[in-house]
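Just below is one structure, and these are the notes that go with it.
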Amino acid sequence: MTELLEETATPQGTSLPEHIAIIMDGNGRWATERGVSRVRGHSQGGEAFRGLVEACRTRPFIKYLTLYAFSIENWKRPADEVDDLMNLLRHYMKREAATMNENNVRMRFIGQFDNLAPDIRRDLAEVEELTKNNTRLTVTMAVSYGARQEIRHAMQQIAEKISRNEIAPDAIDETMIAAHLRTADIPDPDLIIRTGGEQRLSNFLLWQSAYTELYFDKVLWPDYLPENLDQAIASFSRRERRFGKRNA
Ligand code: IPE
Ligand code: IPE
Ligand code: MG
């Protein structure tokens with residue numbers, strides 16, 4: 001009980017996360033527990049996504065929210081589940097775009113988009129365009145995303161520049177690599193939350209998470225509430241990030 005009180009205490013001090021990333025996991029188990037179809041779990045997950053964006057928007061210290069919606073490995077799921085997920089993506093983007101825009105939220109998408117249906121690619125590009133000048137919160141959705149594929153793509157881009165004699169191999173540094181990732185214009189995440197109880201990154205933001213604080217929550221994604229977010233933030237606030245140095 002004491003631990004619970006401590007966990008839910010209002011975060012204080014200077015260490016609040018500016019960039020939170022979330023691995024939204026547990027939709028399938030949520031559905032199985034209720035004896036409903038997996039697609040019901042995914043659509044309930046979509047509702048949790050809406051609630052989360054609103055919770056982040058109303059916590060002014062959060063400037064960036066990055067969400068893992070569909071991994072490149074998720075293409076290996078049965079075709080009907082993949083279809084259901086793609087249809088939900090279509091539905092939510094159409095439904096949420098105007099609200100996001102009214103709320104001054106900028107939407108971005110990262111991933112390997114050549115696998116996505118042309119209409120979805122067009123929808124995502126339209127939402128990005130519509131919201132590009134918004135400043136309150138940047139929401140980045142990782143769709144058909146894999147961190148290793150992102151790093152490989154960056155390597156190819158750099159190699160091409162070398163073959164065109166635009167850069168020398170010894171000019172490659174960490175800043176240059178980061179600048180060729182799809183996340184080039186957003187800072188590294190301060191905090192990665194994974195719901196659903198698994199304790200792994202599943203190919204999410206591997207380069208960017210070198211010094212990210214990790215928080216694993218047993219709650220299944222469709223049940224995720226603002227108070228779960230506040231618990232993760234409170235845990236973050238109590239940690240000391242040393243980045244390899246000695247504490248002050
Ligand atoms: C997360 O929920 C959503 C996606 C990966 C697309 P899951 O579908 O992985 O749910 P579990 O892990 O099977 O419960
Ligand atoms: C990670 O969840 C991907 C998303 C939440 C979008 P998975 O359910 O696909 O991950 P694994 O298979 O448990 O590692
Ligand atoms: Mg899962």
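Only one residue of Ile162, Tyr224, Gly244 has its Cα farthest out toward the positive end of the dipole of region 147-248, where Lys and Arg carry +1 and Asp and Glu -1 on Cβ, and that residue is Gly244. Overall, region 102-182 carries a charge dipole of about 100 debye about its Cα centre when +1 sits on the Cβ of Lys and Arg and -1 on the Cβ of Asp and Glu, all other atoms neutral. Scanning the chain for GluC sites (Glu not before Pro) in DSSP loops with at most 14 neighbouring Cβ atoms within 10 Å leaves 19-165 as the longest stretch between them. Separation of the alpha carbons by more than 27 angstrom is noted, of Lys76/Lys218; Lys218/Lys245; Lys63/Lys94, for Lys218/Lys245. Membrane-span-like helices of the chain, defined as complete DSSP H segments with a Cα extent of 18 Å or more along the helix axis and a mean Kyte hydropathy of at least -1.0, are identified as 38-57, 79-102, 118-131, 147-163.
About its Cα centre, region 89-245 has a charge dipole of approximately 160 debye under the convention of +1 per Lys or Arg Cβ and -1 per Asp or Glu Cβ, with nothing else charged. Dividing the convex hull volume of the alpha carbon atoms of region 171-242 by its residue count gives 113 Å³ per residue. With Rh defined as the Kirkwood radius, the inverse of the mean 1/r over Cα pairs, the Rg/Rh of the chain is 0.97. Projecting the Cα atoms of Met141, Thr183, Ala171 onto the dipole axis of the chain, where Lys and Arg carry +1 and Asp and Glu carry -1 at the beta carbon, places Ala171 farthest toward the positive end. Take the Cβ-Cβ distance between Arg238 and Asp188 as r, set R0 to 22 Å, and report the resulting FRET efficiency rounded to the nearest 0.05. E between Arg238 and Asp188, to the nearest 0.05, is 0.60. For region 119-248, the Kirkwood hydrodynamic radius comes to 17.7 Å, computed from all pairs of different C-alpha atoms. Summary of packing: across the peptides 219-225, 116-122, 134-140, 167-173, the per-residue average of other C-beta atoms within 10 Å ranks them, highest first, as 219-225, 134-140, 116-122, 167-173.
The distance linking region 159-177 with region 184-248 is 32 Å (Cα centroid to Cα centroid, whole angstrom).
Taken together, the values in this text are just the output of simple stated rules run on the coordinates, not laboratory data. Quick caveat: nothing in here was measured; it's all calculated off a predicted structure. With ideal geometry, Cβ positions are generated from the backbone for all residues, glycine too; neighbour counts draw on all protein chains shown.
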